[in-house]
Amino acid sequence: QGFSAFIGTNLDALLAAHGVDAVAIAGVHLHACVRQTALDAYQRGLTTTILEDAVGSDDPLHAAITRRYLEARAIRFVPASAHAHAQGMTSTPSTLESTLVTPSPSLDAALTGLVAHRAAWADLSPEARAAALDRFADGLAALEPVLVEALVDTIAKPAPMASGEVRRAVALARAAAAQVRQAATTHAVRAAGPTSQVRWRPQGVVLAITPYNNPVAIPIGKLAPALGFGNVVLWKPAPLASSVAEILAPLLTACFGPALALVHGDAELARAAMADPRVDAVTLSGSSLAGHAAAEICARRRIPLQAELGGNNAALVWHDTDLARAAALVADGAFAFAGQRCTANRRAIVDASIHDAFVAHLRTATRSLTIGPARDPSTRVPPMVSPLHAERVREVLVRAEAAGCTLVVPHTEPLDPSLALGEAFCAPTLVLVPPHLAASEIALEETFGPVLAVQAAATWDDALRLEAQTRHGLVAALFSASPERRRAFLEATRAGLLKLDQATADADAEAPFGGWKASGIGPPEHGPGNAAFYLRPQAVYGDLP
């Protein structure tokens, strides 16, 4: 009847008999049983550690609150592998190593500098800030060869895709410059009512937290508009992408000076930065778990949050489309860069009447995608970013097969050993999901790897239901020639990006980019979302000086 492991057991006696003075806790649920056990251990004077990747909760926001509450009471959260290493259970830590090249300033020093420079940067004219963005875009374009090498070496992004990412970052910087110039007119002080005027002011100090998978384009998509609209920015990149951030740092300093500060660290530093009272707004791209942690902290502080949190993106494929073309686009969208894109095709929801034929086309299309090292220009499917990420995906596939799904690996022939793909490689896999497993993990959750779940839909309404049942809502696509189905798809689908006869992957630099449902919080990135998030309106009564 008790939540705690200390209730109704002989745990106290066992710990005393063995002279135990420290405990590590794993289990579910973090917000209930784990919380109570940790508090009981703390009350008994035991050094208490919670293994953060070995606990779970079906109430993630409550779990985020619980973590903050417990950490304030000297209860540590660490990865299980790091704890095992600290206890001498492993010879080397298996956690992801940072690629940090040079030490970053402390969080406090970085924020102190930004606050000191905030007013001077905001007081610059929009044209001066836009010109700085233009110079940055020019410099970024010149850095393309260096950045491509870094993306290939650091995250195993195929060279052509790495070039595409840098070019997208340049486009995002130029688009931000254009938006700043346009806002000088559209967001100028103007009459709001009979006795009032409205003006727009920058948020102040913006914290940007960015992921490893697009370590150039995603940061620039945040930094450029934030700086352009007069904010100063604290940037915390993913540890795996620290070296890429360091390549960008001299150019950022040359163009924006002390208006931007770069700090390196893990999730603990990110939480500390979000909680710091000097931070006025947070923009984040990351996991659903990171989004819940950010939502809790920012809601508690009542500061704006913009979060892009990935998606379990579906392509609906109907009988009245070119199946071979649809399969080629879906397969590339699912497996390019080993599926490590938030817009990647995760699911294919297929008209039951053409299910088997479409799966056959998917096999052919997937086999046509070249597997190899990221440095090979012909490679479309490289190894994943690390063996740890690949192992996580393989575990998902093991669970799916055990539940009753059928796994199809189109690249069935042995791969050339000289490719040296290593433990980070995970073969592109189709997962055929039977109807009775429509609510299973593989169908509902984002895998973030080279995995495509395929589901048959008995009717069009069934297809829309299957698309909608996931909690995510980033991208959805439809392959159908029917105007009626296209209209119904556009009307019914709750996602931030809707595509017709295209893969879910990729997006324009000028269009809004943001998820619905659990895929996003706050205004979208890019396009009109930039001014909506990085500027705040003020109503002023009386004559402005």
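Here 431, 475, 454 are screened, and the one residue that is under 30 Å from residue 183 (Cα atoms) and out of contact with any Pro (no Cβ under 6 Å at 6 or more places or on another chain) is 475.
Scanning region 1-39 for residues being among the small types (Gly, Ala, Ser), under 17 Å from residue 79 (Cβ atoms) and either in a helix (DSSP H, G or I) or open to solvent by 80 Å² or more (accessible area, probe 1.4 Å) (or both) gives a total of 1. Of all residues in region 352-373, those that are within 21 Å of residue 424 (Cβ to Cβ) and touching a residue at least 60 places away in the same chain (Cβ under 8 Å) have Cβ atoms under 8 Å from Cβ atoms of residues that are of a type in the set (Phe, Trp, Tyr) and part of a helix (DSSP H, G or I), 6 or more apart or on another chain, in 366/335.
Summed over region 393-427, residues that are modelled with pLDDT of 95 or more and either among the hydroxyl-bearing types (Ser, Thr, Tyr) or part of a helix (DSSP H, G or I) (or both) total 12.
Selection of region 204-263 for residues being basic (Lys, Arg) and closer than 20 Å to residue 134 by Cα yields only 222. Cβ-Cβ distances below 7 Å connect the following pairs, each with a first residue in region 374-385 that is in a loop (DSSP other than H, G, I, E, B) and small (Gly, Ala, Ser), a second residue that is modelled with pLDDT of 95 or more and crowded, with 24+ Cβ neighbours inside 10 Å, and a separation of six or more residues or different chains: 374/156; 374/157; 374/158; 374/382.
Based on this model, can you work out whether residue 352 counts as at pLDDT 95 or above and open to solvent by less than 60 Å² (accessible area, probe 1.4 Å)? Explain how you work it out, then say what you get.
On the way: at pLDDT 95 or above: yes; open to solvent by less than 60 Å² (accessible area, probe 1.4 Å): yes.
When the stated conditions are applied, residue 352 passes them.
The number of residues in region 40-52 that are loosely packed, with under 14 Cβ neighbours inside 10 Å and either charged (D, E, K, R) or on the phi < 0 side of the Ramachandran plot (or both) comes to 1. Residues of region 274-294 that are closer than 30 Å to residue 339 by Cα and open to solvent by less than 30 Å² (accessible area, probe 1.4 Å): 274, 282, 283, 284, 285, 286, 288, 291, 293, 294. Considered as a group, the residues in region 189-228 that are in a strand (DSSP E or B) and of a type in the set (Gly, Ala, Ser) include one that is surrounded by the most Cβ atoms within 10 Å (Cβ to Cβ), and that residue is 208. Residue count for region 384-428, restricted to those that are loosely packed, with under 13 Cβ neighbours inside 10 Å and within 21 Å of the chain's Cα centre (by Cα): 1.
Among the numbered conditions (1) more than 14 Å from the chain's Cα centre (by Cα); (2) in a helix (DSSP H, G or I); (3) among the hydrophobic types (A, V, I, L, M, F, W, C), the only one that residue 289 does not meet is (1). Taking the stated definitions as given, is residue 303 at pLDDT 95 or above and surrounded by fewer than 23 Cβ atoms within 10 Å (Cβ to Cβ)? Against the criterion (at pLDDT 95 or above and surrounded by fewer than 23 Cβ atoms within 10 Å (Cβ to Cβ)), residue 303 qualifies. Condition first: over 30 Å from residue 390 (Cβ atoms) and open to solvent by 60 Å² or more (accessible area, probe 1.4 Å). Now tell me which residues in region 488-507 satisfy that. The answer is 490, 491, 494, 498. Residue check: residue 261 meets all listed conditions (1) touching a strand residue (DSSP E or B) at 6+ places or on another chain (Cβ under 7 Å); (2) of a type in the set (A, V, I, L, M); (3) closer than 18 Å to residue 514 by Cα; (4) open to solvent by 10 Å² or more (accessible area, probe 1.4 Å) but one, namely (3).
For the residues 183, 177, the requirement of being among the aliphatic types (A, V, I, L, M), closer than 30 Å to residue 297 by Cβ and touching a helix residue (DSSP H, G or I) at 6+ places or on another chain (Cβ under 8 Å) singles out 183. Considering only region 430-442, I want to know if a residue exists there that is modelled with pLDDT under 95, touching a Gly at 6+ places or on another chain (Cβ under 8 Å) and assigned to a helix (DSSP H, G or I). There is no residue in region 430-442 that is modelled with pLDDT under 95, touching a Gly at 6+ places or on another chain (Cβ under 8 Å) and assigned to a helix (DSSP H, G or I).
Suppose the filter is closer than 30 Å to residue 240 by Cα, among the small types (Gly, Ala, Ser) and buried (at least 23 other Cβ atoms within 10 Å of the Cβ); does residue 326 pass it? No; evaluated as a whole, the condition is false for this residue.
Touching a residue at least 24 places away in the same chain (Cβ under 8 Å), out of contact with any helix residue (DSSP H, G or I) (no Cβ under 8 Å at 6 or more places or on another chain), open to solvent by less than 10 Å² (accessible area, probe 1.4 Å) and not hydroxyl-bearing (Ser, Thr, Tyr): does that describe residue 157? When the stated conditions are applied, residue 157 does not pass them. The condition (being touching a residue at least 40 places away in the same chain (Cβ under 8 Å), among the small types (Gly, Ala, Ser) and within 28 Å of residue 417 (Cα to Cα)) is satisfied by just one residue among 326, 315, 334: 334.
Here's the yes/no breakdown for (1) surrounded by 19 or more Cβ atoms within 10 Å (Cβ to Cβ); (2) under 16 Å from residue 345 (Cα atoms):
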site	(1), (2)
455	yes, yes
477	yes, yes
486	no, no
509	yes, no
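Filtered by the rule that a residue be of a type outside the set (A, V, I, L, M, F, W, C) and either touching a residue at least 40 places away in the same chain (Cβ under 8 Å) or touching a strand residue (DSSP E or B) at 6+ places or on another chain (Cβ under 7 Å) (or both), region 500-516 gives 501, 502, 504, 506, 510, 514, 515.
The values are calculated or read from the model by the stated rules, or taken from the named source; none is laboratory data. Quantities reported herein were computed from a predicted structural model and do not represent experimental measurements. Using ideal geometry, Cβ is built from the backbone for each residue, glycine included, and neighbour counts are taken over all protein chains shown. Surface accessibility is based on the protein's heavy atoms, side chains included, excluding ligands, DNA and RNA. Shrake-Rupley method; radii C 1.70, N 1.55, O 1.52, S 1.80 Å.
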